[in-house]
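Reviewing the structure listed below.
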Amino acid sequence: MLIDSHCHLEYKGLVETQRDVLARARAAGVGGFLNISTRQSEWHQVIGTAERENDVWASVGIHPHEADAHADLGAQVLRAATENPRVIAIGETGLDYYYDHSDRQVQQNLFRMHIGVARDVQLPVIIHTRDAEEDTLTILRDEMGKGAFPALIHCFTASADFARQVLDMGLYISISGIVTFKNACELQDVAREIPADRLLVETDSPFLAPVPHRGKTCEPAFVADTARFLADLRGETYDQLLEISTGNFRRLFSKAAL
């Protein structure tokens, strides 16, 4: 089966017809969904969907855009939320200097807090990074020095050098529908070279619909289109890409019952 390793099922565009969205994805061969949270106020919704749907799992975390609104969120609050059996990951968290919706220092502090909890509970941390490669690497190296933790760079759009460095640290990389875009040549080059044991696929729906769905609301079903494109790009069969990405999901998100 194919797994959408990053989707936002509670976001506008999906939540209104969530059951139909999931049904279309299942019909397209998608057998698992990691439903990502971005702010504390949506944790209960994200977890609730995972409790209702046995092929949906949840993450808990604070997106860097929301950092200012959660500057005082304590580690104990995040840690407590991870105790739910349907919560299999922490995030998304990280740094976003492209939009700078939140103070950079606050983003960095929360990123480190998420990593600390991930290290303590040994759940993967899902990392968002945009226009912040240097600081992201600095924090990852520093935190790895305090003890290893599982992690994933989601919706990868960074440089080849960044990819090499995070792979050297043991991280996984997830590829979204951006890889299908005509102008994504650099990303396509990176995607070809990601080791088979570190590769995942995602939609980041309702955003970033892949070709041939550009301009539409992205749905988890479209992860199949990204997977087909990625398989062809890497010289693999579709079935091989499914086996690779699903196996990696199982290893990284080991709390998930698959």
Place a point 7 Å from the Cα of residue 121 in the direction of its beta carbon; the residues of the stretch 49-75 whose amide N falls under 12 Å from it are 58-62, 75
Distance from the Cα centre of the stretch 25-90 to that of the stretch 186-258, in angstrom? 20
Where Rh denotes the Kirkwood radius from the mean inverse Cα pair distance, what is Rg over Rh for the stretch 1-46? 0.98
GNM flexibility winner over the chain from 128, 65, 213 (Cα, springs under 10 Å): 213
So how many Å³ per residue does the convex hull of the Cα atoms of the stretch 215-258 work out to? 93
Find the relative contact order for the stretch 140-229 and round it to a whole percent, using C-alpha pairs within less than 8 Å whose residues are 6+ positions apart. 25
Given Cβ point charges of +1 (Lys, Arg) and -1 (Asp, Glu) and nothing else, what value in debye, to the nearest 20, does the dipole of the chain about its Cα centre take? 540
Subtracting the Cα-Cα distance from 0.36 nm times the residue separation, let me have the gained length for residue 101 to residue 186 in nm, one decimal. 27.9 nm
Mean separation of Cα pairs under 8 Å and 6+ residues apart, divided by the residue count of the chain: what relative contact order is that in percent? 20
For the stretch 2-252, Rg(Cα) over 2.2 N^0.38 Å is 0.93
Charge tally for neighbours of residue 33 with beta carbon under 11 Å away, counting Lys, Arg as +1 and Asp, Glu as -1, is -4
Tell me the relative contact order for the stretch 1-65 as a rounded percent, counting alpha carbon contacts under 8 Å between residues six or more apart. 34
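Bear in mind these aren't lab numbers, they're just calculated from the coordinates by the rules spelled out. Bear in mind the structure is a predicted one, so any value in this text is a computation, not a measurement. Positions of Cβ are generated from backbone atoms using ideal geometry, with glycine treated the same way; all protein chains shown enter the neighbour counts.
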